[in-house]
Amino acid sequence: MRNQIEFKVYGKYALFTDPVTRIGGEKFTYQIPTYQALKGITESIYWKPTITWYIDEVRVMNAIQTEVKGVRPIKYQDDSNDLAYYTYLREPVYHVRAHFEFNENRPDLAYDRNEEKHHNIAKRCVKRGGRRDIYLGTRECQGYVEYCEFDSGSGFYDNYGEISFGPMFHGFTYPDENSTEELQARIWSPTMRDGKVQFVRPEDCEIIRLIRKGSVKPFEENVNLKSVDDEYEEIFKEVNR
């Protein structure tokens with residue numbers, strides 16, 4: 001597929017949860033990463049408001065194992081601490097395949113739509129481990145990114161058959177990602193086949209719910225946005241010498 005990147009992401013722990021459970025109390029991870037978590041990781045590798053990342057599929061490489069830890073988070077209603085138990089995924093390793101499309105809801109950024117340069121920058125960012133810190137679900141779960149071929153190596157669930165996970169949080173649609181400027185939440189029911197989960201596109205999710213109306217942040221060239229032409233020139237200048 002055009003504009004596609006492939007990478008491996010891994011860490012010591014991961015905590016992929018439904019956002020409504022993050023207010024406080026006990027937390028229990030999903031068994032597989034959410035679309036939104038993988039999209040956030042991909043955006044940490046490379047992102048500009050000109051593009052929207054779509055996660056095509058993820059391959060679960062290690063066995064799904066959990067570990068419970070006692071933590072002392074700050075209470076929601078005051079600054080004192082509380083005791084809670086969080087259930088993390090242990091030693092998660094994933095292969096991810098994603099591609100970008102231009103955000104048609106941002107006609108003001110049409111001047112920044114240079115497909116080849118965005119793709120080259122994204123591929124370079126994967127090989128460098130991403131532009132920003134990588135987190136597996138939550139900030140306490142540090143992750144790492146490196147380039148890989150999606151189907152390379154052997155995974156624990158190769159030839160394992162099907163596993164269904166039931167209704168699960170898919171992701172958010174932000175106001176600049178739809179024509180109605182709404183913040184929406186999406187739910188779907190994933191199935192893993194031989195260790196691979198193929199994600200549906202956001203607009204094809206089974207359940208889409210409005211959270212609230214939003215607004216689109218304005219971007220202006222050379223004020224709060226560097227064009228991809230300038231960015232490409234800056235990043236690859238040592239290669240072109």
Residues satisfying the stated conditions in the stretch 188-199, i.e. touching a strand residue (DSSP E or B) at 6+ places or on another chain (Cβ under 6 Å) and open to solvent by 50 Å² or more (accessible area, probe 1.4 Å): Arg193, Lys196, Gln198
Checklist (1) in contact (Cβ under 8 Å) with a residue 24 or more places away in the chain; (2) open to solvent by 50 Å² or more (accessible area, probe 1.4 Å); (3) closer than 21 Å to Pro19 by Cα applied to Asp204, failing item: (1)
Among (1) open to solvent by 40 Å² or more (accessible area, probe 1.4 Å); (2) assigned to a loop (DSSP other than H, G, I, E, B); (3) not acidic (Asp, Glu) - the single one Pro49 does not satisfy: (1)
Verdict on Phe169 being touching a Lys or Arg at 6+ places or on another chain (Cβ under 8 Å) and part of a loop (DSSP other than H, G, I, E, B): no
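Yes or no: the stretch 124-136 includes at least one residue that is assigned to a helix (DSSP H, G or I), farther than 15 Å from Phe7 by Cα and without any contact (Cβ under 8 Å) to a residue 40 or more places away in the chain.
Going residue by residue through the stretch 124-136, those that are assigned to a helix (DSSP H, G or I) are 124-127.
Still in the list and also farther than 15 Å from Phe7 by Cα: none.
No, the stretch 124-136 has no match at all.
Rundown of residues vs (1) within 20 Å of Arg124 (Cβ to Cβ); (2) crowded, with 20+ Cβ neighbours inside 10 Å; (3) among the β-branched types (Val, Ile, Thr), yes/no style:
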| site | (1), (2), (3) |
| --- | --- |
| Gln4 | yes, no, no |
| Val9 | yes, yes, yes |
| Tyr13 | no, yes, no |
| Val20 | no, no, yes |
| Gly25 | no, no, no |
| Tyr35 | no, yes, no |
| Ile41 | yes, yes, yes |
| Trp53 | yes, yes, no |
| Arg59 | no, yes, no |
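Just checking, does the stretch 223-237 include any residue being in contact with a strand residue (DSSP E or B) (Cβ under 8 Å, 6 or more places away or on another chain), farther than 30 Å from Val93 by Cβ, open to solvent by 50 Å² or more (accessible area, probe 1.4 Å) and part of a loop (DSSP other than H, G, I, E, B)?
Step one: filter the stretch 223-237 for residues in contact with a strand residue (DSSP E or B) (Cβ under 8 Å, 6 or more places away or on another chain), giving 227.
This time we only want the ones that are farther than 30 Å from Val93 by Cβ, so: 227.
Of the ones still in play, those that are also open to solvent by 50 Å² or more (accessible area, probe 1.4 Å) are none.
Looking for residues that are in contact with a strand residue (DSSP E or B) (Cβ under 8 Å, 6 or more places away or on another chain), farther than 30 Å from Val93 by Cβ, open to solvent by 50 Å² or more (accessible area, probe 1.4 Å) and part of a loop (DSSP other than H, G, I, E, B), one finds none in the stretch 223-237, hence no.
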Cross-chain or 6+ apart pairs with Cβ under 8 Å, the stretch 19-42 first and touching a residue at least 40 places away in the same chain (Cβ under 8 Å), then among the acidic types (Asp, Glu): Gly24/Asp82; Tyr30/Asp18
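The values are calculated or read from the model by the stated rules, or taken from the named source; none is laboratory data. Please read all numbers here as calculations on a predicted model, not as lab measurements. Here Cβ is always computed from backbone atoms with ideal geometry, including for glycine, and neighbour counts include all displayed protein chains. What goes into the accessible areas is simple: the full protein's heavy atoms, side chains included, and nothing from ligands, DNA or RNA. Shrake-Rupley method; radii C 1.70, N 1.55, O 1.52, S 1.80 Å.
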